[in-house]
Amino acid sequence: MKTLAILADFGTPGALLHAAEKVRTAGYRAFDCHSPFAIHGMDAAMGLGRSPIGYIVGGMALLGASIGYGLQTWVTTTAYPIIISGKPLYSWQAYIIVTFALFVLFGALGGVIGMLRLNRLPRLHHPLFYSERFGRVTDNAFMVSIEAGDPLFDETGTRDFLSSIGGTNIELVKGD
């Protein structure tokens, strides 16, 4: 069995926050922090940037509005130009409802699909699931995991580093 990751406990949310800063400062990139609730400032401590999901939703919403407005304009002026009761072929006021509906629909789909892609979901199994102790993280544990794929990962060196920053119950996660 090969080593997939290393997992260390930290006693409090504050200790986990400081550990995240130290892990990031040490140069590790393939690491994650696990806690039963959100910890204010954790994104900055881990060195995570702002999420691009807002740009994805905005772009998709504008794409949907453009498709809705453009399709209605093309249909009424070019494909099927029918004059009814002397109304003009191009009447933008009638296009607003469908344009808005596609704006919302494409924005929502962009948000869901973008979130799934950015979070690399669906992922049916993660190497940390091999750890018996990892199940505690949803109840009362604060843990840092460093994956073996990180360029700085070394079993003994990473174990010693996590111990030096206050990690306890350090476990090598092994699997297939």
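The values are calculated or read from the model by the stated rules, or taken from the named source; none is laboratory data. Note that the structure is predicted; figures quoted are calculated from it, not measured. Glycine also receives a Cβ, built like all others from the backbone with ideal geometry; neighbour counts cover every protein chain displayed.
Taking the range 114-129 as the search range and keeping residues that are touching a residue at least 24 places away in the same chain (Cβ under 8 Å) and closer than 22 Å to Gly58 by Cα, which one is surrounded by the fewest Cβ atoms within 10 Å (Cβ to Cβ)?
Going residue by residue through the range 114-129, those that are touching a residue at least 24 places away in the same chain (Cβ under 8 Å) are 114-115, 118, 127-128.
If we keep only those that are closer than 22 Å to Gly58 by Cα as well, we get 114-115, 118.
Values: Gly114: 19, Met115: 14, Leu118: 12.
So, considering only residues that are touching a residue at least 24 places away in the same chain (Cβ under 8 Å) and closer than 22 Å to Gly58 by Cα, the one surrounded by the fewest Cβ atoms within 10 Å (Cβ to Cβ) is Leu118.
Quick one: in the range 146-176, of everything that is among the acidic types (Asp, Glu), part of a loop (DSSP other than H, G, I, E, B) and at pLDDT 90 or above, which residue is farthest from Ala45 (Cα to Cα)?
First, the residues of the range 146-176 that are among the acidic types (Asp, Glu): 147, 150, 154-155, 160, 171, 176.
Retained after the next criterion (residues that are part of a loop (DSSP other than H, G, I, E, B)): 150, 154, 176.
After this cut, where a residue has to be at pLDDT 90 or above as well, the list is 150, 154.
Working: Asp150: 18, Asp154: 22 Å.
This residue is Asp154.
Could you tell me how many of the residues in the range 114-124 are out of contact with any Leu (no Cβ under 8 Å at 6 or more places or on another chain) and assigned to a loop (DSSP other than H, G, I, E, B)?
Qualifying residue count for the region: 5.
For (1) more than 17 Å from the chain's Cα centre (by Cα); (2) of a type outside the set (S, T, N, Q); (3) within 30 Å of Gly157 (Cα to Cα); (4) loosely packed, with under 15 Cβ neighbours inside 10 Å, each residue gets a yes or a no:
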{"position": "Ala30", "(1), (2), (3), (4)": "no, yes, yes, yes"}
{"position": "Cys33", "(1), (2), (3), (4)": "no, yes, yes, no"}
{"position": "Gly64", "(1), (2), (3), (4)": "yes, yes, no, no"}
{"position": "Gly68", "(1), (2), (3), (4)": "yes, yes, no, no"}
{"position": "Gln72", "(1), (2), (3), (4)": "yes, no, no, no"}
{"position": "Leu89", "(1), (2), (3), (4)": "yes, yes, no, yes"}
{"position": "Trp92", "(1), (2), (3), (4)": "yes, yes, no, yes"}
{"position": "Tyr95", "(1), (2), (3), (4)": "yes, yes, no, no"}
{"position": "Thr99", "(1), (2), (3), (4)": "yes, no, no, no"}
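Search the range 130-145 for residues being in a loop (DSSP other than H, G, I, E, B) and of a type outside the set (A, V, I, L, M, F, W, C), and hand back the single one that is surrounded by the most Cβ atoms within 10 Å (Cβ to Cβ). So that I can check it myself, show each step before the final result.
So the first thing to find is which residues in the range 130-145 are in a loop (DSSP other than H, G, I, E, B), and the list is 131-132, 139-141.
Now narrow it down to the ones that are of a type outside the set (A, V, I, L, M, F, W, C): 131-132, 139-140.
Working: Ser131: 20, Glu132: 8, Asp139: 7, Asn140: 8.
So, considering only residues that are in a loop (DSSP other than H, G, I, E, B) and of a type outside the set (A, V, I, L, M, F, W, C), the one surrounded by the most Cβ atoms within 10 Å (Cβ to Cβ) is Ser131.
Any residue that is surrounded by 14 or more Cβ atoms within 10 Å (Cβ to Cβ), farther than 19 Å from Glu147 by Cβ, modelled with pLDDT under 95 and not assigned by TED's automatic domain parsing to the domain that holds Arg159 - is there at least one of those in the range 46-59?
no
Are there helices (runs of 4 or more DSSP H) fully within the range 8-113 with at least 1 residues that are touching a Leu at 6+ places or on another chain (Cβ under 6 Å)? List them. So that I can check it myself, show each step before the final result.
Working: elements: 13-25, 42-46, 53-74.
Hits in the range 8-113: 42-46, 53-74.
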